1. May I ask you to verify whether F126 is surrounded by fewer than 16 Cβ atoms within 10 Å (Cβ to Cβ) and among the aromatic types (F, W, Y)?
2. Determine which member of the set S185, S145, S134 is within 30 Å of L17 (Cα to Cα), of a type outside the set (A, V, I, L, M) and at pLDDT below 95.
3. Within the stretch 18-46, can you find the residues that are closer than 17 Å to N111 by Cβ and hydrophobic (A, V, I, L, M, F, W, C)?
4. Check whether at least one residue in the stretch 101-120 is aromatic (F, W, Y), part of a helix (DSSP H, G or I) and either in contact with a strand residue (DSSP E or B) (Cβ under 6 Å, 6 or more places away or on another chain) or in contact (Cβ under 8 Å) with a residue 24 or more places away in the chain (or both), and report yes or no.
5. Take residues that are loosely packed, with under 14 Cβ neighbours inside 10 Å and tell me which of the strands (runs of 3 or more DSSP E) falling wholly in the stretch 1-77 contain 3 or more.
6. Do any residues in the stretch 48-71 that are touching a residue at least 24 places away in the same chain (Cβ under 8 Å) and closer than 22 Å to E113 by Cα have Cβ atoms under 6 Å from those of residues that are among the hydroxyl-bearing types (S, T, Y) and crowded, with 23+ Cβ neighbours inside 10 Å, where the two are at least six apart or on different chains, and which pairs are they?
7. Within the stretch 142-194, take every residue that is crowded, with 17+ Cβ neighbours inside 10 Å and either among the charged types (D, E, K, R) or part of a loop (DSSP other than H, G, I, E, B) (or both) and give me the one that is nearest to the chain's Cα centre (by Cα).
8. If the requirement is being among the β-branched types (V, I, T) and in contact with a Phe, Trp or Tyr (Cβ under 9 Å, 6 or more places away or on another chain), which of these qualifies: T82, T149, T104?
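The values are calculated or read from the model by the stated rules, or taken from the named source; none is laboratory data. Predicted model, so just to flag it, every value in this text is computed and none were measured. Cβ: placed from backbone, ideal geometry, glycine included. Neighbour counts: every protein chain shown.
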Amino acid sequence: MDDFSALIKYVERYIQLTKEEEDYFVSLLRVTRIRKRQFIVQPEFIARYRCYVLSGACRAYYIDNKGQDHTIAFAIEDWWITDYNSYIYQQPATLFVEALEDATLIQLDYNAEQLLMENIPKFERFFRIITQRSFAFLQKRMLASLSMTAEERYEEYLLKYPSVVARVPQYTLASYLGFSTEFLSRIRNKKTKR
């Protein structure tokens, strides 16, 4: 049960579970350990799992027609990651999801999640809440990319997520923020000189 205690605490921020409900939930989960640079989702394959990061760091990214890498999301401890379009609709993925560090993930299979919501309806509330929070975050991110300068986006991300900035490779952070690694270096150098 130790592997699952962090996830149980996370879930109980939003819904309260009885011991029986907790045991049933845990019975549907699996712990997976992955190595740095290992993929958990790849294009053309269906994302079968929603992944909770117990330890480590991961990123989801897309490669466009020109071979340009676009980081869509990061996930560190206590965050979720997958190719959500693939997972929700059970269709081939368009994103890569890879480990940026050795990681331990708790995975919930799509079919098990459906069963979980059917047998314990309060989990529908849980998944609705985390989906709403994700949607609100994505909206803020889109608005920031439309209304803020690159430097302002970097400053805001650094302020809100310093642990992510410290852990992820510079090229992935630049990709996530929508500019080149060289531009990120210039921003950082300018900040250091102040």
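1. No; evaluated as a whole, the condition is false for this residue.
2. Numbers: S185 fails: within 30 Å of L17 (Cα to Cα); S145 fails: within 30 Å of L17 (Cα to Cα).
S134 is the lone residue from the list that is within 30 Å of L17 (Cα to Cα), of a type outside the set (A, V, I, L, M) and at pLDDT below 95.
3. Hits for the stretch 18-46 are F25, V26, L28, L29, V41, F45, I46.
4. Looking for residues that are aromatic (F, W, Y), part of a helix (DSSP H, G or I) and either in contact with a strand residue (DSSP E or B) (Cβ under 6 Å, 6 or more places away or on another chain) or in contact (Cβ under 8 Å) with a residue 24 or more places away in the chain (or both), one finds at least one in the stretch 101-120, hence yes.
5. Numbers: elements: 29-34, 39-41, 49-55, 58-63, 69-75.
By residue number, 29-34.
6. Between residues of the stretch 48-71 that are touching a residue at least 24 places away in the same chain (Cβ under 8 Å) and closer than 22 Å to E113 by Cα and residues that are among the hydroxyl-bearing types (S, T, Y) and crowded, with 23+ Cβ neighbours inside 10 Å, the close pairs are R50/T82; C51/T82.
7. In this case the residue turns out to be V168.
8. After ruling out the rest, the residue left standing is T82.
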